[in-house]
Structures are given as structure tokens and as C-alpha cells.
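To start, the structure itself, in C-alpha cells.
The values are calculated or read from the model by the stated rules, or taken from the named source; none is laboratory data. These numbers were taken from a predicted model, which means no experiment stands behind them. No Cβ is skipped: glycine too gets one built from the backbone with ideal geometry, and neighbour counts run over all protein chains shown. Surface accessibility is based on the protein's heavy atoms, side chains included, excluding ligands, DNA and RNA. Shrake-Rupley method; radii C 1.70, N 1.55, O 1.52, S 1.80 Å.
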Amino acid sequence: GAYGAYFAGGGGIKLNNNIFVNFGDGECIYISGGSNVTSSDYNNLYSPQGDFAHFNGGVADMNAWQNSAGFDVNSQNVDPQFYSGIDYRVCNIDLDGNGQPGTGGGVDVDGEMRQSTPDIGADEFTHPSQFTLGQDTTICKGDNVTLNAQLNAGSTTLWNNFSTTPSITVNQAGIYSA
């Protein structure tokens, strides 16, 4: 079978804030006895079919992986909810802000600023449930209201009226979303 990640040899390998996934018939991660993986944590390991992982033998699930390998105590085991089979940006709330604290900074794969506690994986994102436009507001004819999308620094906004600015001013009844 195939592997989400395969490690055989090397030295001083540290695996942090990664997504190792295999949607096919194979393990999400394979670490051979000759590999020198020294630490692995704050990752997402996911393989819904077949064996879960390999560490000096087959490992059936996340609990067995943590016990046999001694790795990934703070890691997740969830479907990352990739946008598509070729777009590996994620949308699973369990990965949002659950990377290793203090390892943020810099930019992600899309050029967006990483938070001080980054998201797991290469994509920094804001899960839709993590932001709000505020409470519903009633306005009178001729009044304006400004809506602000509060997203991660460096994120882009696309409103349902196709505006890409972080805020929009509206003066008509309707449902507005970013």
C-alpha cells in the first residue's frame, strides 16, 4: 500500500504541525526501525482505511500509535476536510489553532501570517465558526451599517456580493456573509 509519509533512515527528524493522511488503502505514516525520528507531536494523523500506521510493525489506531511509538500526545486523528483532491487547504475546526504553541510566525503555504499558536498543517485558516459579523442589526431606510469580517492576519475575504475588502457598508435589507 501507499503511505501518507514514509521515514526510513536519516537522523534527528522532528515532526511537528504536519498533516499525514492516506485516504487509500495504506498507513498515514510509516516509520521503520532504522529511522531516527526523535519527536512527533501536534500533527494530524488520519487513515480511515486499512492499517493506521507503522512503527516497528502495524499499528491499528491512534491510541495504539501513541502507546507503541510514544509520539503525538497532542496530535489529532481527524479528516482534515481538504477543499478538494488537488487543493490541500483545510477546513476542520480541530486543526484550527491546535499546532505547537510558540512555533508560529512567518507565513503559511498561501502567504498568510501564521498565528503564535499555528494551525496544524501548512495552511493557516479561520474556521467559519470562529468568526462572526456580530448580532443581527435592524436599520431604517437611508441608514448605513458597516460589516467587518474578523479573520486571521493575511487572510482574504470574499463577501457574497463578491467584494474582497475586509469590510463592506450596506444600506439594503439582505443576508450578508463573508
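Computed values, structure above
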{"item": "Among residues of the range 42-53, those that are on the phi < 0 side of the Ramachandran plot and buried (at least 16 other Cβ atoms within 10 Å of the Cβ), counted", "result": "8"}
{"item": "Residue selected from the range 77-109 under the condition of a type in the set (A, V, I, L, M) and open to solvent by 40 Å² or more (accessible area, probe 1.4 Å), by the criterion farthest from D51 (Cα to Cα)", "result": "V107"}
{"item": "Total residues in the range 4-37, condition exposed (fewer than 13 other Cβ atoms within 10 Å of the Cβ), more than 21 Å from the chain's Cα centre (by Cα) and modelled with pLDDT of 90 or more", "result": "0"}
{"item": "Residue within the range 153-166 that is touching a Gly at 6+ places or on another chain (Cβ under 8 Å), in a loop (DSSP other than H, G, I, E, B) and either modelled with pLDDT under 75 or open to solvent by less than 90 Å² (accessible area, probe 1.4 Å) (or both) present", "result": "yes"}
{"item": "Any hit, the range 110-118, residues being surrounded by fewer than 19 Cβ atoms within 10 Å (Cβ to Cβ), in contact with a Cys (Cβ under 9 Å, 6 or more places away or on another chain) and closer than 24 Å to T156 by Cα", "result": "no"}
